[in-house]
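Note sheet for the following structure.
What follows is calculated from the coordinates using simple rules that are stated; it is not laboratory data. It should be emphasised that the depicted structure is a prediction, and the values quoted were computed from it without experimental measurement. Positions of Cβ are generated from backbone atoms using ideal geometry, with glycine treated the same way; all protein chains shown enter the neighbour counts.
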Amino acid sequence: MSATCELLIVGGRIVDVDAPSGSLDDHAVAIGGREVVGVGPTADLVDRWTSKRTIDAAGGVISPGFVDAHVHLSAYLAMAAPYARPTEPGRFSGGSNVAEIVPFVAELTSMQLPAELTSVLLRPVFAAMLKSGITSVVDAGSAGHDGLVSAAVDVGIRASIGASLADRWHGADGEIGRRAEVEQQLDAARAVIDAHDRAGDGRIRGLVSAVETIACSDELLTGIADLADGLDVPINIHSHITEASDAAHLAEYGASATERLARTGMLNPRCTAMHVGNATDDDIAAFAEAGLTVNHNPLGNAMFGFATAQQGAIPKMIDAGIPLVLGSDYAGSMIATPFDSIKAALSIHREAGGADDTISFEDVIAMATNPGVAVGQPGRVGRLAVGQLADVVVVDTTGSHHLGDRHPVPSLALRARASDVTTVVVNGELVVDGGELTTIDESAALAEAQGLLASMR
Ligand SMILES: [Zn+2]
């Protein structure tokens, strides 16, 4: 006797970087409610499950949903800015001038942006992300949270969104001083979480994030750790960005960023440290011991010349068993697809390491499909297994650019494009079907956002 499920995806090759072969051929995934209810050979699952809808994934790869774990969502407003050929380094170039970057980001994330504005702006952004296979997105610090959440719920993407906090940054004289009250900062974070956590049938998680370790007093860091613990939400903090930012931190506090994160309770398994292009062996040992997750943003970091790969920290953290999660961090300039970020990670680390075994395809695919901690669903997303929340992507590999395709690992790492994504399921809901968004009228949403950006020029 067979049981009933909502959706059966059959006949594909499941990419499984933990399996010795990396591939489970002619497999199927059964989805019921919000969860994966069956995974196995197609013949077995077709026997065991009667589904309301069956999708044939023959000639394709079935993958856990992809993640963009670092986007400053409201920064897409910069898409309205006119292009001019640059004549000097940009604000973020080199990533080292914390005296300029930190006040800029602190100001940006504390702006008041009306929900009507951010919701209109983000609908086509989330649509593009979903259609490229991104099922989870983490806001690394934005303004206009109400609109960001409503757009995510409308479009159907899994998102973690919340206030980005700071209480100490550089003034006009270049000196760091107190610029905001700790309680007021924590209240701002609590308000977003209270308003939105678990919205969209559980797809939305509130988060508490921080502008940079250097921009937080001990009191604020302790408050963030306590708040996140009390409300059971994830923490995302920019930290260990470059050698220069770590040196500035040491000069300001007389302690390393790792030491201060440790003594304030921030080194814990609900915390994701973002960037971490510069980490010493001691930092890496402390992260591994604490169960910290690290977010890596190869595309955005390389574009700004942060020298992230040159420090060699990311491959060392992989070796140390630290869970890594891939992000883009280039909002305002492009909407990155998972395949953009995967290729960026492979190419910059192999170039910097001077060898093609510096980082493996499997390492990077694991990072690209590891949203759990950062998106507030630890252990519940990132694998195709019974009991996991059903975030599933089908990538067609029959196109000319997949010529000779034999295995899902190189297919996803080297050949796949956003346009190959045919099916996307988030939280058990079919949100991209036959390459088309099912949740909103994408062309209307795009026209509305284009109009908005044009009105700002
Ligand atoms: Zn960031």
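Descriptive notes on the structure:
- Seen against the Cα atoms of the chain and their longest principal axis, helix 281-290 is set at about 60 degrees.
- For the pair GLU107 and ALA19, label points projected 7 Å from Cα toward Cβ lie 5.3 nm apart.
- For GLY12, distant residues with modelled amide H under 5 Å away: HIS27, ALA57
- On the beta carbon distance between THR4 and ASP56, with R0 = 25 Å, the FRET formula returns roughly 0.85.
- Overall size of the chain from C-alpha positions, given as principal axis extents largest first: 71, 48, 48 Å.
- Taking every C-alpha pair closer than 8 Å and separated by at least 6 residues, the mean separation divided by the residue count of the chain gives a relative contact order of 21 percent.
- Here the label points at GLU116 and GLU351, each 7 Å from Cα along the C-beta direction, are separated by 4.5 nm in the simple model.
- Added length on full extension, which subtracts the Cα-Cα distance from 0.36 nm per residue, GLN310 to ARG91: 76.8 nm
- Relative to the longest principal axis of the Cα atoms of the chain, helix 243-253 runs at roughly 50 degrees.
- Charge tally for GLY206 (other residues, Cβ to Cβ under 14 Å; Lys, Arg +1; Asp, Glu -1): -1.
- Residues of type lysines that LYS343 reaches as a straight line, Cα spacing below 27 Å, ignoring anything fewer than 8 places off in the same chain: LYS131, LYS316
- Other residues within the sphere of radius under 13 Å centred on the Cβ of ALA307, judged by their own Cβ, net out at -3 (K and R +1, D and E -1).
- Most positive-pole-ward Cα, VAL39, ALA273, ALA28, against dipole of the chain from beta carbon charges: ALA28
- Look at where the Cα atoms of segment 241-276 and of segment 204-236 average out, and the two centres are 13 Å apart.
- With a Förster radius of 56 Å applied to the beta-carbon distance between GLU183 and SER443, the computed FRET efficiency rounds to 0.80.
- Size of electric dipole in segment 316-457: Cβ of Lys, Arg +1 and of Asp, Glu -1, about Cα centre, debye, nearest 20: 280 debye
- Close amide-amide hydrogen proximity is noted between ILE204 and ALA159, ARG198, ALA199, each under 5 Å apart and 5 or more residues distant or on a separate chain (H modeled in the peptide plane; Pro and chain starts excluded).
- In the chain, the longest principal axis of the Cα atoms and the axis of helix 442-456 are about 20 degrees apart.
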